[in-house]
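Beneath this line is the structure, given in structure tokens, with notes to follow.
Nothing in this text is a laboratory measurement; each read-out follows from the coordinates by a stated rule. None of the values given here were measured: they were computed from a predicted structure. Virtual Cβ from ideal backbone geometry, glycine too; neighbours counted across all protein chains shown.
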Amino acid sequence: MIFELTDQQRLVKDSVDRLMSDRYTFEARETIRKGTENWSRERWKDYAGLGLLALRVDEADGGFGCGPFDTMIVMEAFGRALALEPYVSTVLLGAGLIRLAANAEQRARLLPPLCEGRLLLAFAHSEEQSGNDLRHVAATAAPAEGGFVLNGKKTLVLHGDSADYLIVSARSSGATLDPSGIGLFLVAAEASGLSRRSYRMIDGQRAADIELNGVRVSPDNVIDASGQSLPIIQQVVEETIAALAAEAVGVMDEMLRLTSDYLRVRKQFGVEIASFQAIQHRLADMFIALEQARSMAMFAANACQSDDASHRSTCIAAAKVQISRSIRFVSQQAIQLHGGIGMTMEYKIGHLFQRATMIDTLFGNGDHHLSRLAAGSGLFAALDGCASDSR
Amino acid sequence: MEVRHSLLSLIRPGLHSLSSSWKDADVNLDFTREEQEFREDVRCFFQTALPDSIRRKIRLNRDLSRQELVDWTRILNRKGWAVPHWPIEWGGTGWGPVKQAIFLDTLQQENAPETLSFGTSMVGPIIYTFGNEEQKRRFLPRIANLDDWWCQGFSEPGAGSDLASLATTAIRDGDHYIVNGQKTWTTLAQHANWIFCLVRTNREVRKQAGISFLLIDMATPGVAVRPIQTIDGGHEINDVFLDNVRVPVENLVGEENLGWSYAKFLLGNERTGIARVGASKALLRQVRELLDTDSGPGSVAGDILRFRERLAALEVELKALEITQYRVLARQAEQGDTRQNPAASILKVKGTEIQQAISELILDMAGARALAVHDPEENGGHFADPDSWTQTVAATYANWRKISIYGGSNEIQRNIIAKQILS
Ligand SMILES: Cc1cc2nc3c(=O)[nH]c(=O)nc-3n(C[C@H](O)[C@H](O)[C@H](O)COP(=O)(O)OP(=O)(O)OC[C@H]3O[C@@H](n4cnc5c(N)ncnc54)[C@H](O)[C@@H]3O)c2cc1C
């Protein structure tokens with residue numbers, strides 16, 4: 001087992017932490033959040049400049065070929081600062097799908113500009129009826145002129161409003177819940193037949209509903225028409241859950257810091273409220289929840305290094321259960337211990353709470369993943385140790 | 001590539017200064033090949049060396065006899081593994097903290113008994129850290145071989161969480177101390193021939209500053225042990241009365257009046273050992289087996305989904321705790337010390353909460369089958385069906401309420417954590 005960051009990771013961590021504390025104070029974030037796009041293209045350039053958009057892209061495609069623990073470092077910093085930029089949609093989901101599913105020509109066309117911050121992607125997969133079932137795809141892809149024609153509706157497309165291209169999942173065969181028959185298609189946001197309706201979500205980030213009415217996809221924009229895209233979608237979603245777990249750790253870490261700071265300055269009954277033991281014990285329980293979550297975020301990142309898909313799914317489900325449980329407790333208590341000030345939009349803690357709820361719920365909440373785990377063979381099935389237990 | 005260049009230029013200034021220590025093996029929670037082989041060796045040993053009768057008792061959470069623990073400790077000691085964490089010259093192995101944890105985890109998973117912690121984890125480390133050469137030679141080999149059975153005389157009727165308020169006195173009289181007072185909750189004192197005590201040697205100073213650490217031979221006149229029955233009907237704790245007990249001054253460990261600092265060192269040791277991750281793994285594995293096999297009247301079948309979810313939730317918490325524990329140990333290996341690390345208190349709080357939740361789950365799975373008492377004394381020393389899992393679950397559930405009370409109660413652990421966060 002190795003727990004220490006590499007020297008390179010430490011440098012990445014130092015630089016992203018420095019960037020966020022210099023340029024992403026709560027006041028700066030408020031200005032960004034209230035701006036026209038609700039996120040900052042300036043900061044996006046900074047991320048590109050630091051190489052954060054290129055971490056997981058292969059070296060052959062102009063990236064750094066780093067692993068999931070590098071993503072973890074970045075996401076934790078983003079969580080602390082509540083970064084609003086489309087990192088999840090463009091880098092984790094978008095570049096993730098391209099990395100795993102696209103051909104060399106497409107990678108060479110898309111990834112360099114993406115790494116340099118000039119191309120934004122979004123993943124149009126969820127549909128109104130899908131719930132948490134990744135198999136649910138009703139949108140269709142019909143062959144036409146060497147390419148395909150897409151029809152259907154997608155919902156909750158994260159940052160779908162600002163994306164230059166959408167990666168759309170659509171079905172060329174099978175029933176709506178059939179695991180096979182799903183393909184991936186690249187569609188320009190401006191394509192004719194595509195319309196999008198965008199809205200703010202509870203955490204201030206944006207998403208869009210997309211309608212596809214006879215949208216034509218030329219052959220060079222067909223990413224995967226084998227009908228076997230589901231395992232790739234599954235893997236990318238799971239890598240994203242792992243990254244969100246790290247973001248959750250950042251969110252909770254910041255909540256705990258703000259809360260303990262506040263408890264030492266706020267006085268009632270003539271003393272600091274931190275001197276009340278009921279409050280101290282709540283704080284201790286928040287700390288425990290945070291550290292347990294941190295362990296499971298590492299567990300999730302570790303699982304993303306594995307080639308065994310069912311092992312990875314089990315580990316990711318376990319991590320999401322812990323993250324959801326922890327973040328719900330920590331975020332609720334953070335508000336509670338702040339009293340009234342915790343309820344206002346003027347103070348960071350409430351914004352952290354909203355992001356916490358978002359992460360808790362995205363890609364299946366704790367209960368969802370718990371019932372998946374309960375149906376499986378568990379984390380300690382084989383007599384084995386630590387992370388290799390669940391194989 | 002433009003981007004690549006920018007990150008590299010950011011890294012490069014650091015690169016030069018670091019070049020010799022450049023480390024690029026990524027974080028990885030899987031065991032290394034060496035760690036895996038080590039664990040296999042350890043496991044093979046337990047599988048072959050552990051007597052079946054003992055394994056079965058541990059699995060059903062029945063008490064071992066004194067002789068059984070002595071026998072097992074000597075098997076370990078012959079192998080050189082009775083006190084792996086001790087200094088090599090006193091029988092230790094030289095393993096780092098991670099290997100030690102793998103050893104303990106494997107031992108627990110194989111349902112092998114742990115050695116008597118009062119000797120191997122408490123007074124042993126106190127003696128090799130603070131004792132003199134004569135004490136080390138006299139006591140350490142006998143602890144490793146369980147020739148001496150030690151018990152811990154800290155708590156008193158008036159001194160629990162506020163241990164420093166203890167009242168047992170030791171008054172110097174020539175080359176002896178005369179000890180008077182009462183210790184309580186003394187685990188397995190009925191088997192012990194030695195007790196290590198905190199005693200008050202100075203009443204004039206701050207309460208922490210007047211405490212000394214004394215080793216007392218229980219055969220000394222004036223030492224009396226009275227059994228206390230616990231709520232599960234068992235006998236593991238006792239009162240120990242000390243009435244004008246004459247203790248030679250050479251049995252003082254370290255310096256007079258510095259006993260409190262030694263005790264704090266010891267409680268730190270106690271806390272990290274208390275997570276018992278391997279034991280919980282073994283239990284959860286049993287739960288899973290039972291959920292798959294338990295059938296017939298009153299079986300788990302009716303509530304199987306709920307039980308499965310409770311099992312899954314506990315597995316998640318345990319996995320998180322296991323990783324937290326390795327993180328704490330890795331930091332310990334790096335920095336040399338954890339006692340000021342509030343994460344060590346997480347191990348105590350979470351470890352005990354998980355064990356208690358498992359005991360509750362198993363109780364609920366047994367349902368009404370758990371309610372009859374199978375008293376070995378009423379049955380001529382035998383259980384009706386010695387292998388039925390339902391017989392001991394209610395006793396275990398009751399008995400394990402203790403684990404969040406002793407070793408620094410979970411409330412005290414939360415105080416420690418909060419103090420660190422707020423400092
Ligand atoms: C089965 C068993 C075996 C034991 N074995 C031994 C042994 O071998 N040797 C030995 O020396 N001792 C032993 N103990 C004693 C054990 O260490 C004490 O029980 C423990 O320190 C708690 O003390 P107490 O029982 O007096 O409870 P108290 O200290 O009176 O505590 C009662 C309750 O008040 C809470 N409390 C106390 N202080 C605070 C505070 N400051 N803030 C918040 N809550 C607080 C506690 O958490 C607890 O819930 C054993 C205990 C048990 C149950």
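Odds and ends about this structure:
- Highest-MSF residue in chain B out of B:Val205, B:Val42, B:Val287 [GNM, Cα springs under 10 Å]: B:Val205
- Dipole of the protein assembly as shown, positive direction: furthest Cα of B:Gly367, A:Gln234, B:Gln356, with charges on the beta-carbon: B:Gln356
- For the stretch B:275-422, the Cβ-based charge dipole about the Cα centre amounts to some 860 debye (Lys, Arg positive; Asp, Glu negative; other atoms uncharged).
- Using the Cβ-Cβ distance between A:Lys45 and A:Ala278 with R0 set to 51 Å, the FRET efficiency from 1/(1 + (r/R0)^6) comes to roughly 0.60.
- For the stretch A:1-30 versus the stretch A:207-245, the gap between their alpha-carbon centres in whole angstrom: 30
- Translational diffusion of chain B, µm² s⁻¹ [Kirkwood Rh, Cα pairs; Stokes-Einstein; 4 °C; 1.567 mPa s]: 55
- Rounded tilt (10° steps) of A:277-303 against the dominant C-alpha axis of chain A: 30
- Kirkwood Rh and Cα Rg combined as Rg over Rh, evaluated for the protein assembly as shown: 1.03
- Using alpha carbons only, the radius of gyration of the stretch A:104-236 set against its Kirkwood radius gives Rg/Rh = 0.94.
- GNM result for chain B, Cα springs below 10 Å: residue of B:Ile75, B:Ile354, B:Ile346 fluctuating most strongly: B:Ile75
- Computed over neighbours whose Cβ is under 15 Å from that of B:Gly259, the net charge equals +4, Lys and Arg +1, Asp and Glu -1.
- For chain B, built as a Gaussian network whose Cα springs stay under 10 Å, the top-fluctuating residue of B:Lys281, B:Lys79, B:Lys348: B:Lys79
- Extending 7 Å from the Cα toward the beta-carbon at both B:Ile405 and B:Asn193 defines two label points whose distance is 3.1 nm.
- In percent, rounded to a whole number, the relative contact order of the stretch A:210-294 is 25, using alpha-carbon pairs under 8 Å and six or more apart.
- Folded to 0 to 90 degrees: helix A:230-265 orientation relative to chain A principal axis, Cα: 20
- Sites B:Asn180 and B:Glu204 - FRET efficiency at Förster radius 25 Å, r taken between beta-carbons, to 0.05: 0.90
- Simple label model, 7 Å out from Cα along Cβ direction - A:Asp133 to A:Arg10, nm: 5.0
- Cα long-axis angle, helix A:41-50 against chain A (0 to 90 degrees, to the nearest 10): 90
- Here the contact order of the stretch A:284-327, divided by its residue count and restricted to Cα pairs under 8 Å and six or more residues apart, works out to 53 percent.
- Considering only B:Leu76, B:Gly160, A:Ser275, the residue lying farthest towards the positive end of the dipole of the protein assembly as shown is A:Ser275, judged by Cα position with unit charges set on Cβ.
- Counting only other chain Cβ atoms within 10 Å of each residue's Cβ, the peptide A:200-211 averages 0.
- The order of the peptides A:324-336, A:28-40, B:408-420, A:248-260 by mean Cβ neighbours within 10 Å, most packed first, is A:248-260, A:324-336, B:408-420, A:28-40.
- The equivalent ellipsoid that matches the C-alpha gyration tensor of chain A spans semi-axes of 36, 24, 20 angstrom, in descending order.
- Database remark: amide H of B:Thr168 closer than 5 angstrom to the amide H of B:Gln182, B:Arg200 (H placed geometrically; neighbours at sequence offset of 5 or more, or on other chains; Pro and chain starts carry no H).
- A simple spin-label model places pseudo-atoms 7 Å from Cα toward Cβ; at B:Asn244 and A:Asp261 they are separated by 6.5 nm.
- For the stretch B:231-237, 3J(HN,Hα) computed residue by residue from phi via the Karplus equation (6.51, -1.76, 1.60; θ = phi - 60°) reads 4, 8, x, x, 10, 10, 10 Hz, glycine and proline entered as x.
- Ignoring lysines fewer than eight residues from B:Lys319 along the same chain, the ones with Cα atoms less than 28 angstrom from its Cα are A:Lys13, A:Lys320, B:Lys23, B:Lys57, B:Lys99, B:Lys281, B:Lys348, B:Lys350, B:Lys402, B:Lys419.
- MRE, 222 nm, helices only [DSSP H, n ≥ 4, -39500 (n - 2.57), over the protein assembly as shown, to nearest 500]: -15500 deg cm²/dmol
- Percentage, to the nearest whole number, of Cα pairs in the stretch A:7-118 over 17 Å apart: 52
- Candidates per GluC sites (Glu not before Pro) in the stretch A:267-367, loop by DSSP, up to 16 other Cβ within 10 Å: A:Glu346
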